[in-house]
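Here's the structure we're looking at; comments come further down.
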Amino acid sequence: MTAPPSRRGARDAAARRPDADSRPDRSPLIPALIGGAVLLVLAAISVLAADAAGAGNPVLRDAGLIARTGAPVAALIADLAGALSLGGALLAGWLLREEADRSRAMLVVAVTAGVTTVARGIALLFSYAIATGQPVGSDRFGSDLSVYLATDLGVWLLTALLVSAAATAVAVTGSSRGLARVVTVMMAAVAFCAAMTGHASGGDTHEVATSTMMVHLLAVGIWLGGLAVLQLLPATSRDDAAVVRGYSHLALIAWIALALSGVWALAVRMNSPAELLTHPYVQLGAAKAVLLLALGAMGALQRRQIATGLARTAADGQGLPPVAVYRRLALMELALLGLAVSLAAAMSSSPPPAEAVPPPPGPAAVLSGYPLPPAPELTTVLTQWRPDPFGMALACALLLWWWRPAAPSRERAASMRLVAGAALLVLVTSGALNVYAKVLVSAHVLQHVLLLAAGALIGSALTVPGAVRVLGRGRTWLAALVAAAPVALLIAVYAGPGLRVALESHVAHLGLQVLALVGGALAVLLVRTVLEEAPAAEVAGKRRRSTVARAALVPCAPLLLLVVAGIALSTTDILLAASWFGATGREWWPDALADQRRVGILVTGLAVLSAIAVPLFGICRHGIADDQVRPLSSTHSSTGS
């Protein structure tokens, strides 16, 4: 692939093509009118599609005409505006290089975040009307709104509204990279809350349904929002080689995430493949899949235009230059993405065909929603598999980011460590431990211990962020405390009522997994920060060995906490989450306290071995370097004398 021309080359080419880029800018009223007309068409499509997907559902009928027609429109506006906020903030925080471009992008983000807040507030009222069967404007409308807001659905809708309002307040305060990244995180949190409000699938696939929806919404925001805000920038930035190439790689990742999560989400919301021919809800999902294929083809054409050079004129003087083809493809892509979002809004306002199937019989199924797995023998453990979309998506995003086109050259050892960490992440979150963690305290504890190890592998490959470097340099004691903080928080959750919450709530469960992963990565990054203070080889000696010794104290802090926790687990008579792990009705391994003591011994042994191995590895590695330096130092000294 040949690199597109520079920014100056693009301006020179524009100057040579007065009919293309030197024309005076059109009035902003024209794009506004076109955008309003497109929005009206998409709103009409979403209303008609929602009515078809509802298929005469009595709950929707009781909510009244205003709620039935207003819910998909409000969802469409909230989704489109939220996508623009997320994608625009991501562009401003990571891809755009000019201050003027970031200012314009953050202006769009601030406006669309405000629209998202208003739309989500209206959508909350429509959701209340549908859930309670009270038409908007009726005498009883709003009488029990406080009760509705206390439900799980109401809490997530209200949280999304509040976070969106906070993101709006932050977005209007400036246009720096740091501020844009904060807004990106906040709008991603809004998408996360929206995913939690999605329709749960039937039976034991609720966790898969919410995780796939979260991946889906984030991918749509990055793809649609980034592309739309990119078209609102000046031509010098919209067609800039580095910006377009960086966005193109993000769009490819988003397309892969959308394809996998969309098919997976539809599969768990339908009862059988025959509903592709019989149920309107499933047919809307299939239509979205067709749109996704068309969008993939357009993305491939766009990448081809990027490869040929955005500012190059047509070779034969007859066809359109690549930059013009690229822009028209981008507009067509936005139109199809808007159509896909309108269908998604219709589906989000209609119940899926999958019926709420009661859990299988047995205490374990009542507690977790999953049937009790077989006894954990070698043959059964190797065949147990419960895929987790969140862990898989996170691992894939890490790998695609690591080998992005603009990435610097990587050391083979660092790449191998990252791949090993990503593989361990998928294995722990989707393999046998994910199955048995619902019924065995030992599997639950071991899952988080191995996630700490996966985070350590990933952290050993990544570049040390500037914030971590500032935090750990020159303050070993602070680095040790920060490294120990995630492990201390994990232990506090296990020791308190938070463990039962994590077992019941998928959100809290994911939060614990992320905490363990980040804790392992943070500890290794802090160790590397302290080691950066080691003097150069020419002055190696006591100071260098002292730095290595101080660096070894950083991982020893969290490992010491794990030793204490392991000893407590192996000696206490108190069972963790006794109302859960002691009530699963297992006929195999029925003694839950004995299972807890076994994992306590295992955690203690692993932590002690790691506490011994880490300092020895550092001393041996840097000690060899010192031995290799001494002859050079002595030779230099004798020569000078």
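The values are calculated or read from the model by the stated rules, or taken from the named source; none is laboratory data. Computed from a predicted structure; not experimentally measured. Note that each Cβ is placed from the backbone with ideal geometry, even for glycine, and that neighbours are counted across all protein chains shown. Surface areas here come from the heavy atoms of the whole protein model, side chains and all, with no ligands, DNA or RNA. Shrake-Rupley method; radii C 1.70, N 1.55, O 1.52, S 1.80 Å.
Rounded to the nearest 20, the Cβ-based charge dipole of region 82-219 about its Cα centre (Lys and Arg +1, Asp and Glu -1) stands at 440 debye. The simple spin-label model puts a point 7 Å past each Cα toward its Cβ; for Ala578 and Val564 those points are separated by 2.4 nm. As a rough guide to protection, the peptides 141-154, 569-582 ranked by mean Cβ packing within 10 Å, highest first, stand as 569-582, 141-154. Seen from Ile45, the other residues with C-beta closer than 14 Å to its C-beta sum to a net charge of -1, counting Lys and Arg as +1 and Asp and Glu as -1. Residues in region 409-467 average 34 Å² of solvent-accessible surface per residue, probe 1.4 Å, ligands and nucleic acids excluded. Of the trypsin sites (Lys or Arg not before Pro) found in region 80-156, those that fall in a DSSP loop while having at most 13 other beta-carbon atoms within 10 Å are Arg97, Arg140. Computed from the C-beta positions of Thr379 and Leu336 and an R0 of 56 Å, the FRET efficiency is 0.70 to the nearest 0.05. Placing +1 on the Cβ of every Lys and Arg and -1 on the Cβ of every Asp and Glu, with no other charges, gives region 142-274 a dipole of roughly 400 debye about its Cα centre. Rounded to the nearest 0.05, the FRET efficiency derived from the C-beta distance between Val147 and Asp591 at R0 = 60 Å is 0.90. Apolar share of the accessible surface for region 164-306: 74 percent from carbon plus sulfur atoms, 1.4 Å probe. Of the solvent-accessible surface of region 422-531, computed with a 1.4 Å probe over protein heavy atoms with every protein chain present, carbon and sulfur atoms account for 78 percent.
Could you order peptides 254-263, 77-86 by the average number of other Cβ atoms within 10 Å of their residues, highest first? Intermediate values should be presented prior to the final figure.
Details: 254-263: 20.2, 77-86: 27.9.
Answer by packing, highest mean first, reads 77-86, 254-263.
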